[in-house]
Amino acid sequence: MALIQCRFFSEVLGLSTSMTVILPQQTLGQIGMSGTARGDKHPTLYLLHGLSDDDSIWLRRTSIERYVAGLGLAVVMPNVHRSFYTDMEYGGRYWTFLSEELPAVARSFFPLSEAREDNFVAGLSMGGYGAFKWALRHPDRFAKAASLSGVTDIAGHLEDAPPDSPIGQVARLVFGDRPVRGTADDPIWLMEQAVASGVPLPGLYQACGTEDFLYRENVSFRLACQNAGYPNYLYEEGPGGHSWEYWDEHIQKALAFFFPEK
């Protein structure tokens with residue numbers, strides 16, 4: 001595998017930013033890990049960080065490079081700060097950056113496939129919110145998506161947060177005073193609209209620990225998916241909190257969901 005820490009200028013954000021990228025490499029003599037590459041353009045996983053992290057965190061806290069080595073899968077990990085992957089009311093246009101500029105820039109630098117069947121998105125916590133939001137707003141772009149301990153009921157989450165709490169303060173910067181429920185920033189509403197549209201939908205993998213403070217809203221999303229009849233949906237829960245121990249285990253399960261034949 002090749003590891004690239006890429007700093008580049010974002011026209012959308014108007015500033016220099018970064019992404020960490022893993023690229024497949026076919027290897028024969030590497031000790032302890034095999035490497036696989038598939039053709040000229042690589043299948044790609046966009047892997048999103050949480051509220052307190054950055055684009056380096058998946059490499060620092062998990063063995064993601066080792067997990068994808070045998071899959072021939074490129075991994076693009078962008079830095080979006082505390083933006084909730086949203087065009088902020090008081091801040092940068094991070095939704096436009098994520099959904100439009102980032103893929104175009106990454107594909108201009110690296111040989112990444114544009115085909116729907118070759119593209120995946122996953123994330124933890126705030127990144128789980130971003131992953132489902134992206135996949136459900138653009139179901140034509142992704143084969144599958146995964147949320148690990150994600151903020152999957154953002155409307156309920158914000159309604160329960162005191163305005164002076166850390167999440168309340170972040171929410172004010174991101175969403176301002178506008179309502180989120182029933183909008184394109186609400187994953188539950190997006191899921192219901194996607195099912196009603198009749199378009200081909202990405203497979204969804206959702207996992208959350210029963211001791212996680214986001215467990216209740218993950219159950220809300222699960223029930224909404226069941227009521228809507230979302231196809232190709234896998235939900236897993238069990239012991240675990242909001243921790244890297246849990247996410248390291250379940251990113252492997254997400255990859256198994258993405259590539260069941262491997």
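The values are calculated or read from the model by the stated rules, or taken from the named source; none is laboratory data. A quick note: this is a predicted structure, and the numbers were derived from the prediction, not measured. Using ideal geometry, Cβ is built from the backbone for each residue, glycine included, and neighbour counts are taken over all protein chains shown.
Considering only residues that are among the polar types (S, T, N, Q) and over 30 Å from L234 (Cα atoms), look in the range 158-205 and name the one that is modelled with the highest pLDDT.
Q169
Just name the residue that is surrounded by the most Cβ atoms within 10 Å (Cβ to Cβ) out of those in the range 9-36 that are outside any strand (DSSP E or B) and among the small types (G, A, S).
My answer is S34.
Just to be sure, is H157 surrounded by fewer than 22 Cβ atoms within 10 Å (Cβ to Cβ), under 24 Å from L45 (Cβ atoms) and within 19 Å of the chain's Cα centre (by Cα)?
Answer is no for this residue.
How many residues, within the range 76-112, are surrounded by 19 or more Cβ atoms within 10 Å (Cβ to Cβ), out of contact with any Asp or Glu (no Cβ under 7 Å at 6 or more places or on another chain) and among the aromatic types (F, W, Y)?
3
Quick one: in the range 1-53, of everything that is in contact with a helix residue (DSSP H, G or I) (Cβ under 8 Å, 6 or more places away or on another chain) and among the small types (G, A, S), which residue is farthest from V105 (Cα to Cα)?
S34
Filter the range 194-219 down to residues that are crowded, with 16+ Cβ neighbours inside 10 Å and out of contact with any helix residue (DSSP H, G or I) (no Cβ under 6 Å at 6 or more places or on another chain) and give me whichever is farthest from I154 (Cα to Cα).
G203
Just name the residue that is farthest from the chain's Cα centre (by Cα) out of those in the range 77-95 that are within 22 Å of T152 (Cβ to Cβ) and either outside any loop (DSSP other than H, G, I, E, B) or polar (S, T, N, Q) (or both).
D87
If the requirement is being touching a Pro at 6+ places or on another chain (Cβ under 6 Å) and either under 25 Å from L13 (Cβ atoms) or buried (at least 22 other Cβ atoms within 10 Å of the Cβ) (or both), which of these qualifies: L73, L48, L59?
None of the other options fit; the residue is L73.
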